[in-house]
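A short worksheet on the structure shown next.
The values are calculated or read from the model by the stated rules, or taken from the named source; none is laboratory data. Please read these numbers as outputs of a predicted model, since none were measured by experiment. Ideal geometry is used to build each Cβ from the backbone, glycine not excepted, and the neighbour counts take in all protein chains shown. Just so you know, the surface numbers come from the protein's heavy atoms only, side chains and all, with ligands and any DNA or RNA stripped out. Shrake-Rupley method; radii C 1.70, N 1.55, O 1.52, S 1.80 Å.
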Amino acid sequence: MAEKIVSKEDRLRHVPLFSKLSKKHMAEIVRIADVSDAPSGEVLVKQGAIGRQFMLILEGEAKVERDGEVINRLSENDFFGEIALIAHTPHTATVTAETDMKVLVVHTSYFADLLEQTPGLWKEMAIALCHYIPARQ
């Protein structure tokens, strides 16, 4: 049986920040998103460091630690760093690969340029966030 190929767009549609984007705006996000490998043990983001990227896990598993304590585990389709895309604030936790991983990465510098150059993108993302926030409370 052939393995189903899942596109970057299909994966990103599951991320609340991007879930309401038009086809045109999603294509722009897909254009700046890179697939990257992370070996087991690699620190993907460090608590207290300024956020520089958003990551969506395509394959593998990671642990999330705050102040040295494991507070969560992440796997396929989980994501982190979405606040870094928007607010450029320090990470609230450290995320470390527990297995070899494949992640989809959107760097904040490319994302900031895209927001400036793409009318309407910010508004679509704000609407998506408004739907997401009540669901998390």
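Of all residues in the stretch 11-25, exactly one satisfies the criterion of being open to solvent by less than 40 Å² (accessible area, probe 1.4 Å) and basic (Lys, Arg), namely ARG11. Report yes if some residue within the stretch 130-137 is on the phi < 0 side of the Ramachandran plot and open to solvent by less than 50 Å² (accessible area, probe 1.4 Å); otherwise report no. Within the stretch 130-137, none of the residues are on the phi < 0 side of the Ramachandran plot and open to solvent by less than 50 Å² (accessible area, probe 1.4 Å).
Out of the residues in the stretch 58-73 that are out of contact with any strand residue (DSSP E or B) (no Cβ under 6 Å at 6 or more places or on another chain) and not in a loop (DSSP other than H, G, I, E, B), which is most open to solvent (accessible area, probe 1.4 Å)? Of everything passing the filter in the stretch 58-73, GLU69 is most open to solvent (accessible area, probe 1.4 Å). If you go through the stretch 87-117 and keep only what is assigned to a helix (DSSP H, G or I) and either surrounded by 13 or more Cβ atoms within 10 Å (Cβ to Cβ) or of a type in the set (D, E, K, R) (or both), you end up with THR108, TYR110, PHE111, ALA112, ASP113, LEU114, LEU115, GLU116.
Figure legend. Inter-residue proximity from the stretch 68-92: first residues touching a residue at least 60 places away in the same chain (Cβ under 8 Å), second residues open to solvent by 60 Å² or more (accessible area, probe 1.4 Å), beta-carbon distance below 8 Å, spacing 6+ or different chains. Indicated pairs: ASN77/HIS14. Residues of the stretch 108-137 that are at pLDDT 75 or above and of a type in the set (A, V, I, L, M, F, W, C): PHE111, ALA112, LEU114, LEU115, LEU121, TRP122, MET125, ALA126, ILE127, ALA128, CYS130. Applying the criterion of being in contact with a Ser or Thr (Cβ under 8 Å, 6 or more places away or on another chain) and under 25 Å from GLU9 (Cα atoms) to the residues of the stretch 64-97, the residue that is modelled with the highest pLDDT is ALA97. Scanning the stretch 26-57 for residues that are part of a loop (DSSP other than H, G, I, E, B), open to solvent by less than 60 Å² (accessible area, probe 1.4 Å), modelled with pLDDT under 95 and not hydrophobic (A, V, I, L, M, F, W, C) yields GLY48, GLY51.
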